[in-house]
Protein chains: 2
Amino acid sequence: MQTIRTKPLAAAAFAPFGDVLEAAGTPDALINAGLCARFHDRARLDFGPGGRAGLSIFNARARALPYRLELLERHPLGSQAFIPMTAAPFLVIVAPDAGGTPGSPRAFLAAPGQAINLLRGIWHGVLTPLATPGLFAVIDRIGPGANLEEFALPHAVTVISD
Amino acid sequence: MQTIRTKPLAAAAFAPFGDVLEAAGTPDALINAGLCARFHDRARLDFGPGGRAGLSIFNARARALPYRLELLERHPLGSQAFIPMTAAPFLVIVAPDAGGTPGSPRAFLAAPGQAINLLRGIWHGVLTPLATPGLFAVIDRIGPGANLEEFALPHAVTVISD
């Protein structure tokens with residue numbers, strides 16, 4: 001069975017797949033009399049033709065490493081942002097596209113204080129918190145059209161800690 | 001000096017001001033082979049004419065109760081959602097409009113697992129986390145136009161714990 005190791009979630013490595021949303025580096029503005037740092041407009045949100053932004057809450061069962069990856073999915077019509085509502089790390093699995101099916105998957109470990117925005121059409125694993133409650137706010141596309149493609153891997157992949 | 005007491009944040013009492021976003025009640029769907037509950041499209045997002053959704057990260061200094069409220073603000077062109085990225089409670093202060101200036105303010109205490117979406121034009125206090133880090137994802141309007149009105153209270157209000 002193929003085994004992949006998690007890497008720390010970092011903006012540059014993740015950029016082809018999406019955005020890392022975090023209070024890192026120099027803020028774009030100090031607001032509220034200097035008491036709040038604003039890291040402004042950091043996600044490449046995309047709700048496609050005929051869509052609008054929606055905000056949903058997901059409560060997902062916690063998983064553990066090693067994690068058995070059997071399915072990837074993608075949303076052809078819009079981006080999808082996952083914002084953890086706790087300070088627990090979570091697992092992020094993505095894959096490049098290889099002619100309409102997923103290429104080799106990659107795994108990232110999001111640290112406390114990191115959220116992600118997956119670009120439209122990026123293959124990714126389902127939401128995999130590593131602690132309970134697995135509570136996330138999700139900003140994704142609301143609108144007509146078929147916005148979910150699933151791909152069952154012919155061979156499961158094991159994700160282990162780096 | 002006027003003193004107001006916090007109340008627990010509850011959807012019904014907060015509805016005139018905005019949405020409480022939480023994994024409460026019956027989920028709208030079970031996804032990911034039943035491992036994830038989706039509470040779907042729970043915020044009255046509104047990015048007004050000529051605006052679009054933006055996702056920013058705010059890192060605000062923690063405050064404590066009693067809290068001295070001296071300023072309210074509102075965004076005439078769009079809604080503003082605050083999603084805590086930790087499980088710490090935070091303070092939410094809102095006020096009805098009274099002829100173009102804020103009426104009597106009200107204070108709510110958001111519990112772990114609760115986020116909010118303020119409706120367009122609702123008077124509110126600045127972001128007031130009660131623990132460090134005061135880390136929030138904010139979904140609000142990006143676009144041209146004057147989207148901030150501030151109102152300095154003629155007399156400060158003290159917010160105390162219920």
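The values are calculated or read from the model by the stated rules, or taken from the named source; none is laboratory data. Since the model is a prediction, treat every value here as computed from it, not as a measurement. Glycine gets a Cβ as well: all are built from the backbone with ideal geometry, and neighbour counts include every protein chain shown. Note: areas computed on protein heavy atoms with side chains; ligands, DNA, RNA excluded. Shrake-Rupley method; radii C 1.70, N 1.55, O 1.52, S 1.80 Å.
Given B:Ala33, B:Ala15, which one is without any contact (Cβ under 8 Å) to a residue 60 or more places away in the chain and more than 27 Å from A:Gly125 (Cα to Cα)?
Criteria check complete, one pass: B:Ala15.
Which residues, taken from the stretch B:46-60, are in contact with a Leu (Cβ under 6 Å, 6 or more places away or on another chain) and open to solvent by 40 Å² or more (accessible area, probe 1.4 Å)?
Of everything in the stretch B:46-60, just one residue is in contact with a Leu (Cβ under 6 Å, 6 or more places away or on another chain) and open to solvent by 40 Å² or more (accessible area, probe 1.4 Å), namely B:Asn59.
What do you reckon, is B:Leu69 within 12 Å of chain A (Cβ to nearest Cβ), more than 27 Å from A:Pro49 (Cα to Cα), surrounded by 15 or more Cβ atoms within 10 Å (Cβ to Cβ) and of a type outside the set (Lys, Arg)?
The answer is no for B:Leu69.
Of the conditions (1) surrounded by 14 or more Cβ atoms within 10 Å (Cβ to Cβ); (2) out of contact with any Pro (no Cβ under 7 Å at 6 or more places or on another chain); (3) modelled with pLDDT of 95 or more, A:Asn32 fails just one. Which one is it?
Just one mismatch for A:Asn32, condition (3).
Which one is nearest to the chain's Cα centre (by Cα), of the residues in the stretch B:10-61 that are charged (D, E, K, R) and more than 7 Å from chain A (Cβ to nearest Cβ)?
Of everything passing the filter in the stretch B:10-61, B:Asp19 is nearest to the chain's Cα centre (by Cα).
Within the group A:Ile93, A:Ile160, which residue is touching a residue at least 12 places away in the same chain (Cβ under 8 Å) and either facing chain B (nearest Cβ under 10 Å) or touching a Gly at 6+ places or on another chain (Cβ under 7 Å) (or both)?
Just one listed residue meets the conditions, A:Ile93.
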